[in-house]
Structure formats: C-alpha cells, structure tokens
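The structure appears right after this line, and notes come after that.
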Amino acid sequence: MSRLNRTDRPYDIVLFGATGFVGTLTAEYLAAHAPEGLRWAIAGRSEDRLRRLRERLPGGAGIGVLRADVSDPASVRGLAEHARVVATTVGPYVTYGEELVAACADTGTDYLDLTGEPEFVDLMYVRHDARARETGARLVHACGFDSVPHDLGVYFTVRQLPEGVPLSVDGFVTADAAFSGGTFASALNQFARGRQMRAAALDRRRHEPRLVGRRAVTPAGAPRFAKEVGAWALPLPTIDPQIVRRSAKALERYGPDFRYRHYAAVRRLPVAVGGVAAVGALVAAAQLPPARRWLSDRLKPGDGPSPEKRAKSWFSLRFVGEGGGRRVFTEVAGGDPGYDETAKIFAESALSLALDDLPGTAGQVTTAVAMGDALIERLRAAGITFRVAAQQ
C-alpha cells in the first residue's frame with residue numbers, strides 16, 4: 001500500500017461541512033482538544049461563514065479555511081489533495097457524498113463520515129474500495145453514534161471472551177435524546193429508498209470476497225422480553241449490525257462462528273408497541289412525496305436540540321457475550337448520543353487516523369478494523385465508558 005507521499009500535505013485533518021450543526025460541534029471539539037502542532041482546517045461552501053466560525057474558535061488564527069462545494073468536483077479534489085484525513089458531515093451522503101469518497105480514494109487520503117445510510121456505504125464499496133486499496137486510503141463510514149459505540153462495543157466484548165470458539169453477542173440500546181434536522185432528513189431519505197437499498201446490498205454481495213472457513217452473521221432476531229437486561233427487546237433496523245458483521249468478517253478474533261443481534265431495549269410494553277407503530281407510520285409516510293416534504297419541513301437540516309436539552313441526554317449500550325463456556329456483560333455509555341458525543345467520537349476518530357500507530361489497512365474498513373484499541377482508549381480518555389459489568 002502506498003500513502004502517496006501524504007506527509008507533505010498542508011493539513012493533517014480537514015473538516016468538511018464545518019458550519020452545519022454537527023460540523024460546528026466537531027470544530028469546537030477539535031479546537032478545544034487537538035494536540036499542539038496539529039495542522040487542521042475547516043471547509044465548506046461559504047468562505048464567509050467559515051471565517052466567522054473560525055473567529056469563534058479557540059486558537060482560530062491557526063486554523064485553515066478551505067472553500068469546497070460538492071457540485072464543483074475540482075474543489076472537492078483539491079480538498080482531498082490538501083489533507084491526510086478528511087472528515088465530512090455533508091449529507092444525505094447518498095445525494096452529496098460520492099464525489100469526496102472518489103477523490104479521497106484516488107489521492108490516498110483517509111476519509112471519515114457520519115453516514116447511517118447502508119445504500120451509500122454499499123455503493124462506495126463497489127465503486128471505490130479497489131482504488132482505495134491501491135492508494136492506501138482508508139474509507140471509514142459511520143463514525144458517529146452510528147456506528148462507533150456499537151462496533152467498538154462488540155469488539156470490546158469479544159476481547160473478554162475465549163479465542164478460537166464460536167461466539168454470540170446481543171446488543172441492547174437505550175437512550176434519551178433528540179434528533180437534528182439533518183438526521184431526520186437522512187432517515188426520511190432512507191425510508192423512501194428501500195428498493196435502491198436492496199439493489200445496492202445485492203451488488204455489494206456480488207463484489208465482496210466470500211468468507212472461507214469462518215462465519216459471521218447478524219440475524220434480525222424477533223421481539224422478545226430479554227431477561228438478561230430486564231426489558232423488551234425490539235430489533236433495530238439500523239446500519240450498526242452491518243458494520244459489526246464487516247468487523248467480524250475481517251478480524252479472526254471474532255472466532256470461527258460469530259453471531260450478533262441488535263435491539264432497542266424498552267422497559268414498558270406499551271412504549272415498545274407505540275414505538276413500533278410510530279416507526280411504521282414514518283416509513284409509510286416517507287413513500288409519498290407530499291408527506292415526505294411535509295415531514296421534512298417540520299425539522300429542517302441545520303436545526304438541532306438546544307445545549308440544555310443535549311446536557312440532559314444520554315445513551316447506554318449493554319452487550320451480552322457468550323462463548324467457550326463463559327458469559328460476559330459489558331456496557332458502553334455516554335452523554336448526548338446524536339450530537340455532543342457524535343462530535344466527540346467523530347473528532348477522536350479523525351485524530352486517531354491522523355496521529356495514532358494503527359494496523360496497516362486500506363480500502364473500505366470499519367472503525368474496529370482501522371482503529372480498534374487505539375480509538376477505545378481515546379474515547380475512554382474523552383469520557384465515554386467502556387466497562388465489563390459482570391462475568392459468569
């Protein structure tokens with residue numbers, strides 16, 4: 001693998017989409033926590049807005065400003081050529097993301113995003129994984145609450161279990177948080193693209209090498225009362241199990257036969273039933289363009305919860321892992337999952353790719369594969385809990 005002489009590039013990290021809701025939180029986190037000597041820049045469509053943001057950031061005079069627009073391929077290419085790592089918040093990614101992925105794959109630039117869109121991840125694998133492997137670029141999707149705590153939480157749980165034996169892990173998500181306009185728009189877009197999502201997944205399976213001598217599966221499971229966590233467990237149709245499965249396929253530490261199931265944990269049955277009904281209604285409404293437009297107008301991209309609301313928000317992911325005659329209970333927990341912690345996770349992921357001594361990987365890879373233990377230690381130091389709650 002060649003990194004295409006990236007060490008002589010002007011910036012270690014460029015944050016694209018820095019003036020959006022999560023982009024601004026990420027820029028603020030980097031300004032407060034970046035180590036001395038880090039060369040980084042903020043990027044986006046409006047140079048005026050970028051400069052106003054820079055003026056508000058601690059040490060702003062040392063932060064670069066780059067103008068780039070996804071509708072201008074030359075500017076996106078220039079962005080990739082100026083950075084060792086590009087982190088982008090510009091979504092929905094299936095609409096706005098590919099030009100930057102292609103530029104990073106072609107120039108050997110490491111790439112991170114916050115997508116929770118399976119269709120986008122599958123399309124980028126088919127179209128750009130091979131080129132990224134040639135240039136040494138690491139393409140790491142889903143580097144926020146989707147899907148770092150889930151991916152690294154399962155990785156952490158597996159590390160507590162015996163090696164070389166079949167392993168199973170169940171994950172249970174509980175959270176109290178609000179959505180931003182960008183997240184809501186992305187979810188509506190996914191709900192409306194079921195056919196395209198299935199086609200992209202099928203095309204990926206045609207291109208992906210088959211796993212030989214091992215098995216890694218992520219069945220949906222069925223709704224049930226989970227005694228192990230004392231809550232109703234509802235299968236979650238998010239991107240997280242797909243990311244976990246790709247980590248398990250890539251890393252032999254997950255054993256010869258690995259299974260992961262992914263649930264929301266809800267204490268009260270009426271709440272569980274209401275949640276399922278609400279999601280079903282939202283999916284149905286998203287199929288109708290007038291209803292989708294009406295819903296989009298209720299919460300626009302760029303809107304988000306207040307600092308006071310975010311300060312009260314939290315998440316807890318509980319994992320139950322079994323294998324080799326052992327059972328382990330682990331937890332990953334933190335504050336506001338969608339925004340404060342996502343900005344923290346996203347920034348620390350970019351710092352890890354830029355600064356840490358990591359395994360030699362390239363192409364489309366997960367956070368567990370690309371950063372693993374190094375990112376867990378970064379997140380622990382930043383206040384996110386990774387702990388073993390009990391062992392049997």
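Taken along the Cα-to-beta-carbon direction at a fixed 7 Å, the label points for R205 and V388 span 3.7 nm. Subtracting the Cα-Cα distance of D356 and Q196 from 0.36 nm times their residue separation leaves 53.9 nm of extension gain. Sequence-distant contacts, meaning Cα pairs under 8 Å at least 6 residues apart, place the relative contact order of the range 297-392 at 31 percent. Rounded to the nearest 20 debye, the dipole size of the range 1-91 about its Cα centre is 60 debye, using +1 on the Cβ of Lys and Arg and -1 on the Cβ of Asp and Glu. For the set V94, V14, solvent exposure ranked by accessible area (probe 1.4 Å, protein chains only) runs largest to smallest as V94, V14. When the Cα positions of A199, F225, Q242 are compared along the charge dipole of the range 188-242, A199 comes out farthest toward the positive end, with charges on each C-beta of Lys, Arg, Asp and Glu. Within the full protein context, the accessible area of I384 is estimated at about 10 Å² for a probe radius of 1.4 Å.
The values are calculated or read from the model by the stated rules, or taken from the named source; none is laboratory data. Bear in mind the structure is a predicted one, so any value in this text is a computation, not a measurement. Ideal geometry is used to build each Cβ from the backbone, glycine not excepted, and the neighbour counts take in all protein chains shown. Heavy atoms of the whole protein, side chains included, go into the accessibility calculation; ligands, DNA and RNA do not. Shrake-Rupley method; radii C 1.70, N 1.55, O 1.52, S 1.80 Å.
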